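Quick notes on the structure that follows.
The values are calculated or read from the model by the stated rules, or taken from the named source; none is laboratory data. These numbers were taken from a predicted model, which means no experiment stands behind them. In this analysis, Cβ positions are derived from the backbone assuming ideal geometry, glycine residues included, and neighbour counts consider all displayed protein chains. Surface areas here come from the heavy atoms of the whole protein model, side chains and all, with no ligands, DNA or RNA. Shrake-Rupley method; radii C 1.70, N 1.55, O 1.52, S 1.80 Å.
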Amino acid sequence: MSHVLEISGLVKTFGGLTATDYVSLTVDTGEIHALIGPNGAGKSTLINQICGEIIPNAGHIHLAGRDVTRLPPAERVALGLGRTFQITSLLDDMTVRQNLGLAIQAREGGNFRILDRASRRAEVWDEVAEILRSGTLGARADVRVADLAHGEKKQLELAMALSQRPRLLLLDEPMAGLGHVESQQMIEALQAARGECAMLLVEHDMEAVFALADRISVLVYGRVIAAGSADDIRANPAVREAYLGEEDA
Amino acid sequence: MILLFEQLLNGLQYGVTLFLLAAGLTLIFGIMGVINLAHGALYMVGAFAASWVAIQTGSFWGGLLSGLAASAIAGVAVELGVMRRLYARDHLDQVLATFALILIFNQSTVLIFGRQPLFTSVPDVFSGSVEILPGLPYPTYRLFVIAVGLAVALGLYLLINKTRVGMLVRAGATNRQMVRALGVNIQGLYTAVFALGALLAGLAGVMASPIVSVQVGMGDEIILATFVVVVIGGVGSVKGAFVAGIVLGMFDTMLRAFLPGLLQQVMPGPEAQALGVGVSSMGIYLMMALVLLVRPRGLFAARG
Amino acid sequence: MKREHLILLAVFLLLALVPYAAELTGQTSWTRLVGQALIYGMAAASLNFILGYGGMVSFGHAAFFGIGGYVVGILYHHFDAGTSFLGLIPGTDQMLITLPAAVIVAGLAAALVGAMSLRTGGVQFIMITLAFAQMFFFLFISLKTYGGEDGIMVRRTNSLPGLDMKNKATLYWVVLCFAAAYYLFLRRLVQSSFGQIIAGIRQNERRMAAMGISTYRYKLAAFVLSGMGAGLAGALMVNFLRFASPDMMHWSRSGELMIMVILGGVGTLAGPFIGAGVLFTLETTLARYTEHWMLPVGILLLIVVLTTRGGLMALIRRLGGKR
């Protein structure tokens with residue numbers, strides 16, 4: 001089976017509101033699968049169920065062939081799930097270098113050691129140096145994250161997520177709040193990461209979606225109303241009415 | 001059987017006292033998001049002011065008014081002087097600053113009134129007792145306390161559910177940002193809520209003053225029980241404070257009344273006495289731990 | 001790095017000279033005061049690890065301090081009476097046994113309290129830790145065998161092979177060595193892999209979970225380590241004062257430990273020790289002049305909380321011009 005992620009019949013209700021209504025979708029190895037839909041369509045709820053922050057009422061989530069529906073978030077990460085947050089979520093009091101270091105340290109394990117020196121773990125810091133050398137953040141390595149620009153934070157978050165070497169990366173609106181140039185940089189960064197892992201991309205920026213996505217699913221009121229290639233979606237009348245139409249208007 | 005009924009009434013009376021304290025505390029918690037350990041100090045202020053005036057003038061009612069006024073004034077002073085700077089701080093700073101306030105209030109009270117407890121008597125109207133069951137006379141004053149507590153509960157229910165101010169209070173307890181966004185004079189609302197909380201704490205102190213010994217530190221003992229009530233009831237929920245206050249008041253009173261006796265049937269007297277008293281004191285904390293294990297945010301948490 | 005080592009060494013030597021200085025000036029109470037301050041410093045430092053580095057505001061830390069103390073007291077009680085605890089464990093007055101026992105028992109208590117408390121957060125966490133501490137407080141009050149409210153007198157300090165523990169100065173130096181060792185341990189701990197993960201959890205728990213860290217397990221481990229430290233401090237205190245009482249775990253004691261941490265500087269290594277020293281000296285000095293010493297202490301605390309960020313350590317850093 002080449003599905004990295006397989007969601008089947010996922011239901012989540014809050015009180016009387018159905019946020020996720022029998023959603024099924026798959027993400028294949030190496031694929032970028034975009035999830036689009038108007039605000040309030042249930043995209044964030046879906047992402048949070050895949051991550052394990054919300055437990056669904058019904059349905060199943062398989063990650064790399066394993067049923068993870070009821071697994072806590074940290075154990076899903078161990079199975080190869082990475083994510084970025086809609087609102088960047090980093091360790092604000094630490095520097096860029098320290099953030100990357102902690103991400104790699106978390107992946108490497110051995111974190112119940114209480115008498116070693118974290119600053120001397122060569123396997124961690126060699127890789128951090130490598131990431132800083134190859135990426136755009138090198139010049140900002142020793143800046144506190146709280147002092148970074150918004151675009152830089154988004155870049156750092158992506159770098160941290162990729163440093164976990166996930167099989168599947170969940171990207172919750174990576175373009176949100178970015179200017180045109182920054183968006184282009186982010187698209188390039190994601191293109192470059194293609195092949196390292198599969199991605200489920202939640203995004204409002206249609207330019208980015210059409211530039212990146214191999215497949216697109218459209219979520220409206222908690223239901224997947226259409227799925228297919230970029231051209232299929234552009235041509236789909238239901239989508240035009242429910243979603244793209246609004247954007248044009 | 002009659003003994004049991006009498007203790008139930010005692011529990012109810014303690015319960016409404018806890019409710020009066022907890023109602024203000026839970027609103028302050030829920031709306032301003034601030035932990036006020038010094039809430040018990042306002043209870044003490046009310047009790048001291050009422051007792052002192054009652055002793056000086058011989059009038060319970062004069063004492064009542066003075067106690068309410070003193071605690072409300074103290075509350076507003078605390079809000080303006082200290083609390084305002086704490087709203088944006090983390091819980092740790094709030095705990096420590098209000099802990100400091102306890103030290104300040106306690107020592108100031110010692111300076112003014114000394115360490116000797118003040119004793120007052122119940123007003124003449126309530127000095128007798130009523131035979132509520134055949135063979136069970138019950139002090140009228142304690143019935144009066146219960147009635148006042150229930151009346152305040154009803155009043156608060158109406159205030160919160162039927163008025164515009166109450167609407168803001170409810171909204172504030174569930175969503176602080178929203179109330180700010182509504183353009184309400186938030187500082188004014190905060191001061192008003194704090195003053196109301198102080199007034200209720202003062203009322204609890206005034207009502208308790210003829211029954212308990214009015215002395216420094218009286219607020220420290222009851223504030224912990226009050227916090228237990230607030231946390232069990234759910235932070236921000238007046239309904240939760242009412243239910244939890246009454247239940248805990250009765251539970252605590254029952255344990256203290258009957259546990260030592262029950263233990264004496266299985267072990268020697270003095271040890272049973274000590275163990276019974278100790279375990280009764282643990283009761284409410286044990287209950288809180290159990291409730292939080294099942295419902296980490298309390299019974300009637302404003303938010304899920 | 002070099003400078004820090006020099007300062008530490010100088011402070012250690014200065015503290016080691018305290019018994020001599022006390023004898024020379026005739027102020028024999030100094031040794032006792034500084035010793036107590038050092039022990040409170042250890043307890044505050046153990047709290048600071050979860051509070052300052054881990055962001056867990058525990059309001060029940062004195063419970064572990066008291067439990068550590070009671071382990072020493074109870075073992076001595078049975079040693080003295082020639083009986084055994086629950087008819088199983090004989091008493092002892094050997095420090096090499098009582099201290100590890102105190103640390104382990106305090107750690108077990110912390111595991112129990114932490115496992116339940118850490119399921120909650122925020123206000124609920126503060127209050128549930130307070131609740132557990134109150135339960136321990138009332139439990140020990142109700143144990144008539146061990147003195148109830150009055151506590152246990154430990155007539156002789158535990159023995160340590162080769163040392164005359166009856167000598168006040170010797171006992172002080174033993175305490176000083178423990179305090180120094182604990183300081184160095186914490187210094188390593190916060191720099192360790194585990195310490196870094198804990199610091200990450202304080203800043204952003206959700207992010208750490210997204211990195212695959214089971215935050216609950218790490219927080220629990222930190223809580224237990226911290227409780228063990230407080231247990232060690234409590235055990236030393238009972239040896240030092242030869243007295244264990246429920247008062248050691250009263251909730252205001254937990255508050256005092258928090259004050260020491262804040263006063264000295266949250267999330268700094270030396271802060272809790274400085275805070276403990278300052279608060280304890282202030283209390284004992286003021287108590288000599290007025291019975292109302294709590295009033296100035298309260299006002300000072302209020303000013304510190306409202307106006308300073310980072311406590312005395314921040315002040316020292318600013319004055320010293322470091323960074």
Original post:
Taking the range B:136-158, which residues are of a type outside the set (A, V, I, L, M), loosely packed, with under 15 Cβ neighbours inside 10 Å and closer than 30 Å to B:R170 by Cα?
Top reply: B:G155, B:Y157
Subject >> Conditions (1) within 16 Å of the chain's Cα centre (by Cα); (2) charged (D, E, K, R); (3) within 13 Å of chain C (Cβ to nearest Cβ): number failed by A:D92 >> reply: (1)
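Can you work out which of the residues in the range A:124-140 that are over 25 Å from C:L186 (Cβ atoms) and among the aliphatic types (A, V, I, L, M) is nearest to the other protein chains (Cβ to nearest Cβ)?
Going through the range A:124-140, the residues over 25 Å from C:L186 (Cβ atoms) turn out to be A:126-140.
Pick out the ones that are also among the aliphatic types (A, V, I, L, M) and you get A:128-129, A:131-132, A:137, A:139.
Details: A:V128: 13, A:A129: 17, A:I131: 15, A:L132: 18, A:L137: 17, A:A139: 22 Å.
Looking at residues that are over 25 Å from C:L186 (Cβ atoms) and among the aliphatic types (A, V, I, L, M), I get A:V128.
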**OP:** For residues that are in contact (Cβ under 8 Å) with a residue 40 or more places away in the chain and part of a helix (DSSP H, G or I), scanning just the range C:118-127, find the one that is farthest from C:S226 (Cα to Cα).
**Re:** C:M127
Original post:
Got a number for residues in the range A:153-178 being free of Cβ contacts under 8 Å to residues at least 60 places away in the same chain and either among the aliphatic types (A, V, I, L, M) or assigned to a strand (DSSP E or B) (or both)?
Top reply: 3
Original post:
List, please: which pairs have Cβ atoms under 9 Å, are six or more places apart or on different chains, and start with a residue in the range C:202-224 that is in contact (Cβ under 8 Å) with a residue 12 or more places away in the chain and facing another protein chain (nearest Cβ under 7 Å) and end with one that is part of a helix (DSSP H, G or I) and open to solvent by 20 Å² or more (accessible area, probe 1.4 Å)?
Top reply: C:I213/A:V77; C:I213/C:E205
Original post:
Does C:A102 fit the bill of being more than 8 Å from chain B (Cβ to nearest Cβ), buried (at least 20 other Cβ atoms within 10 Å of the Cβ), under 17 Å from C:S226 (Cβ atoms) and not basic (K, R)?
Top reply: yes
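Restricting to the range C:185-194, and then to whatever is in contact with a Phe, Trp or Tyr (Cβ under 9 Å, 6 or more places away or on another chain) and facing another protein chain (nearest Cβ under 7 Å), can you tell me which residue is surrounded by the most Cβ atoms within 10 Å (Cβ to Cβ)?
Step one: filter the range C:185-194 for residues in contact with a Phe, Trp or Tyr (Cβ under 9 Å, 6 or more places away or on another chain), giving C:186, C:189-190, C:193-194.
Adding the requirement that they be facing another protein chain (nearest Cβ under 7 Å) leaves C:189, C:193-194.
On the way: C:L189: 20, C:S193: 24, C:F194: 22.
Only one residue tops the list, namely C:S193.
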**OP:** Filter the range C:132-180 for residues that are buried (at least 17 other Cβ atoms within 10 Å of the Cβ) and β-branched (V, I, T) and give the result.
**Re:** C:I141, C:I152, C:V154, C:T157, C:V174, C:V175
Subject >> Residues located in the range B:164-217, provided they are assigned to a loop (DSSP other than H, G, I, E, B) and modelled with pLDDT of 85 or more >> reply: B:S209, B:P210, B:I211, B:V212, B:S213, B:Q215, B:V216, B:G217
Subject >> Members of the range A:196-221 found to be touching a Lys or Arg at 6+ places or on another chain (Cβ under 8 Å) and of a type in the set (G, A, S), listed by number >> reply: A:A198
Original post:
Is one or more of the residues making up the range A:71-78 more than 9 Å from every other protein chain (Cβ to nearest Cβ), free of Cβ contacts under 8 Å to residues at least 40 places away in the same chain and touching a Gly at 6+ places or on another chain (Cβ under 7 Å)?
Top reply: yes
Original post:
In the range A:104-123, is there at least one residue being in contact (Cβ under 8 Å) with a residue 24 or more places away in the chain, within 14 Å of another protein chain (Cβ to nearest Cβ), part of a loop (DSSP other than H, G, I, E, B) and open to solvent by less than 40 Å² (accessible area, probe 1.4 Å)?
Top reply: no
**OP:** Name the one entry in C:L163, C:L186, C:L220 that is assigned to a helix (DSSP H, G or I), over 30 Å from A:C51 (Cα atoms) and not charged (D, E, K, R).
**Re:** C:L186
**OP:** Being of a type outside the set (D, E), under 17 Å from A:W125 (Cα atoms) and either within 14 Å of chain C (Cβ to nearest Cβ) or buried (at least 21 other Cβ atoms within 10 Å of the Cβ) (or both) is the filter here, so list the residues in the range A:141-178 that pass it.
**Re:** A:L156, A:A159, A:M160, A:A161, A:L162, A:S163, A:Q164, A:R165
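Answer yes or no as to whether A:I114 is out of contact with any Gly (no Cβ under 9 Å at 6 or more places or on another chain) and either among the small types (G, A, S) or not assigned by TED's automatic domain parsing to the domain that holds A:A34 (or both). Quick ask: steps written out before the conclusion?
Numbers: out of contact with any Gly (no Cβ under 9 Å at 6 or more places or on another chain): no; either among the small types (G, A, S) or not assigned by TED's automatic domain parsing to the domain that holds A:A34 (or both): yes.
In short, no.
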Subject >> Some residue of the range C:69-81 being over 28 Å from B:L286 (Cβ atoms), of a type in the set (F, W, Y) and out of contact with any His (no Cβ under 8 Å at 6 or more places or on another chain) >> reply: yes
Original post:
Taking the range A:214-223 as the region of interest, how many residues are surrounded by fewer than 21 Cβ atoms within 10 Å (Cβ to Cβ) and of a type in the set (V, I, T)?
Top reply: 1
Original post:
Out of all the residues in the range A:179-213, which are assigned to a loop (DSSP other than H, G, I, E, B) and open to solvent by 10 Å² or more (accessible area, probe 1.4 Å)?
Top reply: A:G179, A:G195, A:E196, A:H204, A:D205, A:A213
Original post:
Applying the selection to the range B:253-275, what residues are more than 10 Å from chain C (Cβ to nearest Cβ), open to solvent by 60 Å² or more (accessible area, probe 1.4 Å) and not in a helix (DSSP H, G or I)?
Top reply: B:Q265, B:V266
